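Q: Let me begin by handing over the structure; questions about it come next.
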Amino acid sequence: MIPFYLLPNLTFLEFLIYQIVQTLFHFLLFILLLFGGLYLLLRDKSQIERKDILSTGLIVEITTAILAFFSSFFLIGGAVSLVTNLIIGNIVNFLILYLKYYEKDRISEAKIFLLYIISFPLPYFISITLANILLL
């Protein structure tokens, strides 16, 4: 989700449609890249659970929506609140992956960081680009 002040020329309905489309793109891309990252990093492919990946995707989207909602209340300014939102969002997303998938005998901390690099920044930017191409 993108804070409202970053798309100032949209009406509320246009902004809502944009957010829904961008969130759906992000959710699908995140799930695909998380599954792909787990597939590459785990030796035993039977350890990959689809329900676990879907629940992780839902948790990430809910926390992203909450952070985007609260970032609209920042009165500091656009650039500062954007950077703050990105830093807090990245820390929270990394913690979600770490708490969900870290096990010493299954996935190490280095692999969790690599999984984060594979599955988080890319879907965010691709989903924004796809939503912009589709709607704006």
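Q: For residues in the range 67-86 being assigned to a loop (DSSP other than H, G, I, E, B) and not small (Gly, Ala, Ser), which is modelled with the highest pLDDT?
A: Residue satisfying both the conditions and the ranking: PHE73.
Q: Could you grab me the full set of residues in the range 87-133 that are more than 18 Å from LEU28 (Cα to Cα), part of a helix (DSSP H, G or I) and of a type in the set (S, T, N, Q)?
A: Across the range 87-133, the qualifying residue is only ASN90.
Q: Here's another thing I want to ask about it. Evaluate the range 9-19: report whether one residue or more is touching a Leu at 6+ places or on another chain (Cβ under 6 Å), modelled with pLDDT of 90 or more and over 24 Å from ILE112 (Cβ atoms).
A: no
Q: Kindly indicate whether ASP44 is farther than 14 Å from ILE118 by Cα and touching a residue at least 24 places away in the same chain (Cβ under 8 Å).
A: no
Q: Something else about it: For the range 102-136, which residues satisfy the criterion of being under 12 Å from GLY37 (Cα atoms) and at pLDDT 85 or above?
A: Across the range 102-136, the qualifying residues are LYS111, ILE112, PHE113, LEU114, LEU115, TYR116, ILE117, ILE118, SER119, PHE120.
Q: Filter the range 46-57 down to the residues that are surrounded by fewer than 12 Cβ atoms within 10 Å (Cβ to Cβ) and in a helix (DSSP H, G or I) and list them by number.
A: The answer is SER46, ARG50, LYS51.
Q: If we keep just the residues of the range 46-66 that are β-branched (Val, Ile, Thr) and at pLDDT 85 or above, which is nearest to GLN19 (Cα to Cα)?
A: Result: ILE62.
Q: Of the residues that sit in the range 106-135 and are closer than 20 Å to GLU49 by Cα and buried (at least 16 other Cβ atoms within 10 Å of the Cβ), which one is nearest to the chain's Cα centre (by Cα)?
A: My answer is PHE120.
Q: Any idea which residue in the range 20-45 is farthest from ILE66 (Cα to Cα), counting only those that are touching a strand residue (DSSP E or B) at 6+ places or on another chain (Cβ under 9 Å) and either in a helix (DSSP H, G or I) or at pLDDT 85 or above (or both)?
A: Restricting to residues being touching a strand residue (DSSP E or B) at 6+ places or on another chain (Cβ under 9 Å) and either in a helix (DSSP H, G or I) or at pLDDT 85 or above (or both), the top hit is LEU41.
Q: Count, please, the residues in the range 100-136 that happen to be in contact (Cβ under 8 Å) with a residue 40 or more places away in the chain and among the hydroxyl-bearing types (Ser, Thr, Tyr).
A: 4
The values are calculated or read from the model by the stated rules, or taken from the named source; none is laboratory data. Being a predicted model, the structure only gives us computed values, none of them experimental. Cβ sites come from the backbone with ideal geometry, for glycine too, and all protein chains shown count toward neighbours.
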